[in-house]
1. Explain nothing, just the number: dipole magnitude of chain D about its Cα centre with +1 on each Lys and Arg Cβ and -1 on each Asp and Glu Cβ, in debye rounded to the nearest 20.
2. Give the separation of the Cα centroids, region B:323-342 to region B:446-468, in Å.
3. Note the angle between two axes, namely the Cα long axis of helix B:102-120 and the longest principal axis of the Cα atoms of chain B, as a number of degrees from 0 to 90, rounded to the nearest 10.
4. Please compute the modelled spin-label separation between residue D:10 and residue D:57, points set 7 Å along Cα→Cβ, answer in nm with one decimal.
5. Which value, in debye to the nearest 20, gives the size of the charge dipole of chain A about its Cα centre, when Lys and Arg are +1 and Asp and Glu are -1 at the Cβ?
6. About the Cα centre, and with charges only on the beta carbon of Lys, Arg (+1) and Asp, Glu (-1), how big is the dipole of the protein assembly as shown? Nearest 20 debye, please.
7. Helices from chain A with mean Kyte-Doolittle at least 0.0 and a Cα length along the axis of 18 Å or more, per DSSP H: which?
8. Set the Förster distance to 22 Å, then compute FRET efficiency between residue D:299 and residue D:373 from the Cβ-Cβ distance, nearest 0.05.
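What follows is calculated from the coordinates using simple rules that are stated; it is not laboratory data. Quick caveat, the model's predicted, so the values are computed rather than measured. Cβ atoms come from the backbone with ideal geometry, glycine included; neighbour counts cover every protein chain shown.
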Amino acid sequence: MEFSPIPFYIVSALVIICAIAMIYFKELIYSALSMVACFMAIAGIYILLNAELVAGAQVLIYVAAISILVIFAIMLTRHRKGDFWLFFHRQSVVTLPFVVVAGIVLTVVLATAAYDSSEEALNPPDEEMARLLFQDYSFPFEVLSLVLLVAIMGAILLAMRERRR
Amino acid sequence: MQRELIAVMPELMLVGTAIIILLIDPMLPATGRRGLSWLGIFACVTAIFSTWFVRAEEYSSFSSAIAIDRYVVFFKILLLVVAIMAMLLSEKHLALRGRLLGDYYALILFTTTGMMVMAASIDLITFFVGLELMALSTYLLAGFFRYEERSIEAGLKYFVTGSFASLFLLFGMAWLYGMTGSTNFEEIGDVIRAGAVPGDALAIAIIMLVAGFGFKVAAAPFHNWAPDVYQGAPTPAAAFLAVGPKIGSFAVLIKVFTIMLGGESGTWLMPVIAMSIATMLIGATLALVQRDLKRMLGYSSIAHVGYLLLGVVAFGETGSSFGQAAILFYLAVYAFMNMGAFGVLVYLANRTRFGDSLDEMMGVGRRFPAAAAIMTLFMLSLTGIPPTAGFVAKFYLFASVVDAGFAWLAVLGVLFSVVSAFFYLRVIVYMYMRDPEAELQGVPAGSSWDLNLGLGIATAGVILLGILPSPVISAAQDAVVRVLGI
Amino acid sequence: MTPLQHYLALATILFFIGAWGMMARRNIIMVIMCIELMLNAVNISLVAFSNYMPSPVPGRGEVFVFFVFGLSAAEAAVGLGIAIALYRLRERLSVDELDGMKG
Amino acid sequence: MKAAAILIPLLPMTSFIITGLLGKRYFREKSHYLPVAAVAASWLLSMFVIVQVERGETLSWQIYSWIAAGNFNVDVGIQIDQLTAVMLLVVSTVGFMVHVYSIGYMKGDPGYYRFFAYLNLFMFSMYMLVLANNFLLLYVFWEAVGLCSYLLIAFWYPKVSAANAGTKAFLVNRVGDFGFGLGVILIFVTLGTLNYTAVFGHAGDIGTGTLTAITLLLFVGAVGKSAQFPLHVWLPDAMEGPTPVSSLIHAATMVNAGVYMVARSSPLFFESTTTMFIVALVGTFTAIFAASIALVQNDIKKVLAYSTVSQLGFMFAALGVGAWVAGLFHLVAHGFFKGLLFLASGSVIHALGGEQDMRNMGGLKNKIKITYWTFIIGALAIAGFPGLAGFFSKDAILEQVFLGGYWYFWIVAITTSFMTAFYMFRLIFMTFHGEPRDLKAFGHAHESPRVMWVPLVVLAVPSALIGLALGFPPGAGHIDSFLRPVFEEVLGAEHHFGLLEGGLMAFSALIGIVGILAAWRMYVIRPDLPVKTGARFQGAYRVLLNKYWIDEIYFALIINPVRALSRGLWRFVDINIIDGFVNGSALFFRGVGNLFRPAHSGKVQSYLFTMFLGLLVLLAAYWILTL
């Protein structure tokens, strides 16, 4: 099976543009929408990587759940309007060159290293995934449920209005 | 199956109790919640027993997600003792601030569970999940007094910096997994030793990992969050946060750096040396200029991390078990003396309108002779004055460093502990030798048996580990010899 | 077929974009969104590695990704919870205005 | 023997716990009963132990294994040999007397119970220090006696100077303990053990470089604890503590710990000629340095403090040239007579209601007769008056320094002993002779109660006689044969007392007497001349003029420069340089701390940036190192 690299370039360009847009928008709601777009595009990357299950989960978790959570939080709070510096930290100018240089250097090093990669796609079928997730990694999976429990508890603890007793 | 259940029995006890606490908490009247801490303590005590009874067992379970051995037993018991002390210190303080909720104890139990999972993990994914369980619970503990701006600030800062660091760690783990195709510590180690991994990418992954660990243990330059978080968090929570996560992180750090990256010490040794020197320098000097005691203790705990990293250097250089055993023992001692020092601040905050500043320590020696006396003990132990436990721990640790051929590092370590004497001593001087300009205002009914018991445990720990340290030192040596197979 | 290195480059670039966003934006909700972005970057690298690197047990990277999913949901919940609590207290969401403790 | 050995430290410890816990509420002004009884019992037991050792019985007893884990073994154990016995003699006797004396001296103090509790804690620690059988235990109690010392220096802590002096002692001692601690770690890492016998057994196996490092580090500890140059600054300040404390801790016992430690480690020091020379050099220099400062001090206790520093320098000089026995002999003698002198000075201060400045004293000779005469005995002993304790011990040191070929040290030492005699008698003449300068205080002056003067008399006996008892005949006295087993391997051949030695002895005796006479001349005869004689006997004044003129030259050419130099040393070196260094290092680290403060701005995003930069630095460092 021979894939053309063109779809990858299109999708990854979309990912990067949406990511930058997300950071750039002053209006939070636009940022959130860019984020949704970005996550959708990433789901596309997963499909290219032969990981449909992950792509599906990506759509469900990021595009649906987390984005809605973020949008709710945005709507629960009021936001100010103003010039650029009200939204961007002044140090962002200082950090930019560092991030760019480090990003380029690390990208170059990590993306030119000689990995011992195979020629064919290796991601297993979904049944195998299920076996891995619920058998081999059953213990961390259970612990993950505790992580989510703590998160729910934390959200309630911090955000819920106190019942007067 | 049965063995697997035995392996996670202590964790199950804690989680089960935490859920019970969460369920019955809303049903209880405000005054009836006192007993909840004892429920948690009971769970910890039974967990200690169940850990103790399987101490001779050695096996891995859940498809090599976790392993049970002496090393894990050592850390589990230590973490459980820390959790018990944390719950004992908290009860009255929370009640006085109107935040006595079952959630707090549940969070402590979850944090402890996360740390125990970390200590037992021999797999990147298990480690990661355990780490995040610990991390999320600690963010919430730091921000537990949600009506106090400082507490929220602490929670927020901890959350933002902690997530940033978790990402470094995750990035490093992703690459380690990617290049070796495995998530198991030993398998990764084998592949790396086989030399089939591109060197530069491996180095980046390792340094990302070092940075992530550096954050979790509060080593410079990844330490800035620590003083702010300890200062802002509720004082009993700060005691727990300054001790527990460090123990849990070091438990994994030692495993990762010996089992997985033992052959790559050439890459991580220099960064760790640099970090340990910077950490000792920043911890000791910045503690010197603090007027807020919680903040001072925060910087002092950073300095102690610097010493602990010296132990990492020692075992990284020689590969012998001396350095690891020294770290284990030091952590045990550190747990008692730091919990104790914070505990005295809790005591004072309960009994008076105490704002944690150094000036308010004036005259404490006269008004609260017992609290002042044990605070003196903890300060002496933190300084490393014999015959307290802090002395034995430091001696053992520095001896391991000299043994590894890093005499100059040991000299630096001793030098910084001399510097640290300045600010620990100052607390004693203020307590006994200065008379207050204004007396602290008393709070009625601020005394608590729970708190006194917690302080008693810490005091006993510092004294016993100072006078009779050999059982714990042998346990530590036994533990690391098992995990290393030396 | 697109080589592994391309995916890794994308992941690394995205990681650093997210890192810059965390350091640049003042709003805490933006900071949380940037954290999610960085987690996604790591996920891409994990799935890519899983697809390209031979392993005795293929698919571990994908499994890892599921754990990161769970975690990002939890982080979002806790982070936004803190954001709401902060908002209740101060009617502001700027992270950098919180500097009550320093030095 | 075992029972006695364990009871000696345990009795004061028990008494410390009981008095400390119950003293405030129940014992109050009766707080001294138990502590004094405990120390008395310890004294009796010590005497018993000494007699046993005299009979040739020694003890080496592992009580329990303190740290036993794999390769890391340290025992808690007691070792009693001749060296321990000698230390016990001083510690228990002076300790007992000081306890008795304190009953009177501290009477009515609000912290009465606290004082006795601390003293008992100190006695426990000091006993354990000399009884310990390994370096780690030695280090533990080394710190413990230090701790008691700070507690007692700062005993009157509402006085700011007392609290500061305690802090200063603590800080300066940290420097010494820093070296000592490293030395102990180095011994452990090199030999894998810390037990005296095991370490000394392998002393020869250690490489020269390591051995020199170990011994120098240990010596740094001794320099701190025994107040040698340049770490001597805390001792004069320590005089802020109550006088019994100065006597017990800062003259007779704790400050000797350094000397004891070096003597105890003689097999190690002996192997390193470099260290030995440095020990001798530091000792000699401190001796003359501190003595010259003592010449111009006006505070009665400060004179004695600098004198202590100087005498400790003598002991180190002796150890450094290999005169182990002479050094310890001087330690014993000095312990008795300096303890006596401090107690006596306390009696003077007591008599004058707290006055310490000698310029406000004078003429007390007939008011406080017992104090005066005991003071004279102590002063004669330290000045090396023939027949008294200091004469034999100091002479033994001088003789061995000279015979060892260190003539340059000998010259310095003999000059020092001249100065010693001079400043001691300057002190006596200013305090007890002449006219009272402060009539009000003089009017109230009275002899101390019996509980205070009895210890003076008791201590005067060994001050006078111990030299004869232990050190006669010179070079072959009882102490030489007694201590020989301890220093068997490091001691040179015995030499016979010949003409040269006799000459040296006579010379040093002469020097001491000349010093006394010089002080007599300057402080008793001369000060009266211009004031009294000058006014009333014009003729006689003129007759004396010529002589006076000679004195002027003498003053202008010798005394004044020396005096100026001494004052300069004290003002400049002590107060500016060394104090400056101690305070400066604190300021330095504080400054470094302030330097880092802006990095902790409280803004979370700048924290993120710092972390990010830290990561980049680590990465960059990796690349630079691997390129």
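1. Dipole magnitude for chain D comes out near 2180 debye.
2. Going from one Cα centre to the other spans 14 Å.
3. Computed tilt is about 30 degrees.
4. Result: 1.8 nm between the two label points.
5. 1620 debye
6. 5540 debye
7. Helices passing the filter in chain A: A:6-24, A:28-48, A:91-112, A:138-159.
8. It comes to 0.45.
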